[in-house]
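The values are calculated or read from the model by the stated rules, or taken from the named source; none is laboratory data. None of these values were measured; they are calculated from a predicted model. With ideal geometry, Cβ positions are generated from the backbone for all residues, glycine too; neighbour counts draw on all protein chains shown. Accessible surface areas use protein heavy atoms only, side chains included; no ligands, DNA or RNA. Shrake-Rupley method; radii C 1.70, N 1.55, O 1.52, S 1.80 Å.
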Amino acid sequence: DAGVIQSPRHEVTEMGQEVTLRCKPISGHDYLFWYRQTMMRGLELLIYFNNNVPIDDSGMPEDRFSAKMPNASFSTLKIQPSEPRDSAVYFCASSSYRDKYNSPLHFGNGTRLTVT
Amino acid sequence: QKEVEQNSGPLSVPEGAIASLNCTYSDRGSQSFFWYRQYSGKSPELIMSIYSNGDKEDGRFTAQLNKASQYVSLLIRDSQPSDSATYLCAVKRDFGNEKLTFGTGTRLTIIP
């Protein structure tokens, strides 16, 4: 299995521009998560989906952030307009709810976003 | 109060010694507890999970859980330089709710 695939690996953009991050989860996984990691705040959950349906988006910082999952193999996280404080590493992760005791997260390699 | 708290470190441990990493959580309803390891510039990877009070051992790693004290720890025996990384504690509230809340991590350095 190729694992969780994220693109791009690095993104540098100017303040005010639209940014789109992409994620392909592991085939067969029914949960998909978007996390943001910064030195100050650590790993923060932004949103997660179950079977393509958003379940909890309480971590999405503001209306500038939106996430979609049009099918089981693809998700996007969009920031519009971007601001310097959005600079962080954005991780996508997926998991399979095999049983109530064992559903580890599998993380992608992350997208390092820099907004100047 | 943060939901999951860890000492940020850095924690320096001589090679071959025991490294002890600690984590406290605020939600008394939490049911599942995880330790992830993250090397610099890499993504987190799961080391261990624990659900019941007591100890759980896996090779050189032992996770300890005390729900009454809302405390989770990770012991690494016979520490190796390859164990140098940031260790993230994560907590899930209940089964069926897949939201995983992470601490900010403890940076561990094993000194050869």
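Averaged across A:32-42, how many Cβ atoms of other chains sit within 10 Å of each residue's Cβ atom?
Working: counts 0, 3, 0, 4, 0, 7, 1, 3, 1, 3, 11.
That works out to 3 on average.
Can you pull the one-decimal nm distance between simple spin-label points at B:Asp94 and A:Asn52, each 7 Å off the Cα toward Cβ?
2.9 nm
Calculate, for A:Arg64 and A:Ser96, the FRET efficiency according to 1/(1 + (r/R0)^6) with r their C-beta to C-beta distance and R0 35 Å; round to the nearest 0.05.
On the way: r = 31 Å, r/R0 = 0.89.
About 0.65, to the nearest 0.05.
For segment A:7-116, what does the relative contact order come out to in percent, with C-alpha contacts under 8 Å and a separation of six or more?
Contact order relative to length: 36 percent.
Counting alpha carbon pairs within less than 8 Å and at least 6 residues apart, what relative contact order, in whole percent, applies to segment B:1-71? Present the calculation step by step, with values, prior to reporting the outcome.
On the way: 80 pairs, mean separation 17.2, N = 71.
Reported as a whole number, the value is 24 percent.
Put a dot 7 Å past each Cα toward the Cβ at B:Ser8 and B:Tyr39; how far apart are the dots in nm?
The modelled label-to-label distance comes out at 2.5 nm.
Per residue of B:98-107, count partner chain C-beta atoms within 10 Å of its C-beta, then hand back the mean as an integer.
That works out to 6 on average.
Per-residue mean of other chain beta-carbon atoms within 10 angstrom of the beta-carbon, peptide B:44-50?
Values: counts 9, 4, 4, 1, 1, 4, 0.
Going residue by residue through B:44-50 and averaging, the value is 3.
Based only on Cα atoms, what mean projected area does the convex hull of the protein assembly as shown have, in nm²?
Mean shadow area of the hull around the Cα atoms is 12.6 nm².
Compute the normalised compactness of segment B:19-80: alpha-carbon radius of gyration over 2.2 N^0.38 Å, N being the residue count.
1.14
Tell me the accessible surface of B:Arg107 in square angstrom (1.4 angstrom probe, heavy atoms of protein chains only), to the nearest ten.
120 Å²
Answer with one residue from A:Ala72, A:Ser82, A:Leu46: the one whose Cα lies farthest towards the positive end of the charge dipole of segment A:39-89, charges on Cβ with Lys, Arg +1 and Asp, Glu -1.
After comparing all options, I get A:Ala72.
Considering only protein heavy atoms, what per residue accessible area in square angstrom results for the protein assembly as shown with a 1.4 angstrom probe?
49 Å²
Hey, for a label at A:Ile5 modelled as a point 7 Å past Cα toward Cβ, could you say which residues of segment A:16-49 have their backbone N under 12 Å away?
A:23-27
List the accessible area buried at the contact between B and A, summed over both sides and calculated with a 1.4 Å probe, in Å² to the nearest 100.
In total, this chain pair buries about 1700 Å².
I'd like the Karplus ³J(HN,Hα) series for segment A:22-37: coefficients 6.51, -1.76, 1.60, θ = phi - 60°, whole numbers in Hz, and an x wherever there's a Gly or Pro.
Those phi angles translate into 10, 8, 10, x, 5, 4, x, 6, 10, 10, 9, 10, 10, 10, 10, 10 Hz.
Dipole magnitude of the protein assembly as shown about its Cα centre, charges +1 at Lys/Arg Cβ and -1 at Asp/Glu Cβ only, in debye to the nearest 20?
Dipole magnitude for the protein assembly as shown comes out near 80 debye.
Bin width 10 Å, alpha-carbon pairs only: give the P(r) of chain A as whole percents, running from 0 to the bin holding the largest distance.
Spelled out bin by bin, chain A gives 15, 49, 30, 6, 0 percent.
Could you estimate the translational diffusion coefficient of chain B from the Stokes-Einstein equation, with Rh from the Kirkwood formula over C-alpha pairs, at 37 °C and 0.692 mPa s, in whole µm²/s?
After rounding, the answer is 234 µm²/s.
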